Amino acid sequence: MKRFHALSISFALLVASVLMSPIAHACLGEFSESSIFFDEQDLKAGIDGQVVVEAAIIELTAEFVGIARIDKIIKGAIDKNKIVITTVASSCTRGFGVGASGIVVGSLERNAHGELTLVAKQESNHQREARRKAHATPARL
């Protein structure tokens, strides 16, 4: 009985230490999932960046790195019709594949090969919904 009690306490401490650890955790559900693709509603609700484009992924070069065809430049200076798009990955980042498309918002940087790269913002479903609601709520005087 004492051994079972000691094992139970050890297990509880292990679980507590994992849950309280500052390292990355598994995504907690659909509300936590994030995406780099936005839509017109997001532009109206205040999403913004150095660069805003409508783009479609035409080739994947690595996980969370793709080559995109630029269909429309909404904001920013890009003089090409294709660009490398990447994002910082987390356990909640929804991956993107060939054919994925939408509005991409971010900043321009050069990658290790000197290629112009759009580092895309991402936003969780929860953050997106909160921003949309906040923007839709009329200001009170």
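Bear in mind that the values in this text are calculations on the coordinates, not laboratory data. Predicted model, so just to flag it, every value in this text is computed and none were measured. Please note: Cβ atoms are built from the backbone with ideal geometry, for glycine as well, and neighbour counts cover all protein chains shown.
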Karplus ³J(HN,Hα) for the range 123-130 (6.51 cos²θ - 1.76 cosθ + 1.60, θ = phi - 60°; Hz, whole; x = Gly/Pro) runs 9, 6, 4, 5, 4, 4, 5, 5
Between H113 and A134, Cβ-based FRET efficiency (R0 35 Å, step 0.05) works out to 0.35
Straight distance only, please: which lysines reach the Cα of K44 with their own Cα at less than 19 Å, same-chain residues fewer than 8 apart left out?
K72, K75, K121, K133
List the residues of the range 37-70 whose backbone N lies under 16 Å from a point placed 7 Å from the Cα of Q127 along the Cα-to-Cβ direction.
37-39, 42-43, 45-51
Modelling each spin label as a point 7 Å along the Cα-to-Cβ direction, I'd like the I58/D79 distance in nm, to one decimal.
1.9 nm
Phi-derived 3J(HN,Hα) across the range 33-41 with the Karplus relation (6.51, -1.76, 1.60, θ = phi - 60°), rounded Hz, x for Gly and Pro, is 4, 10, 9, 8, 9, 10, 10, 4, 4
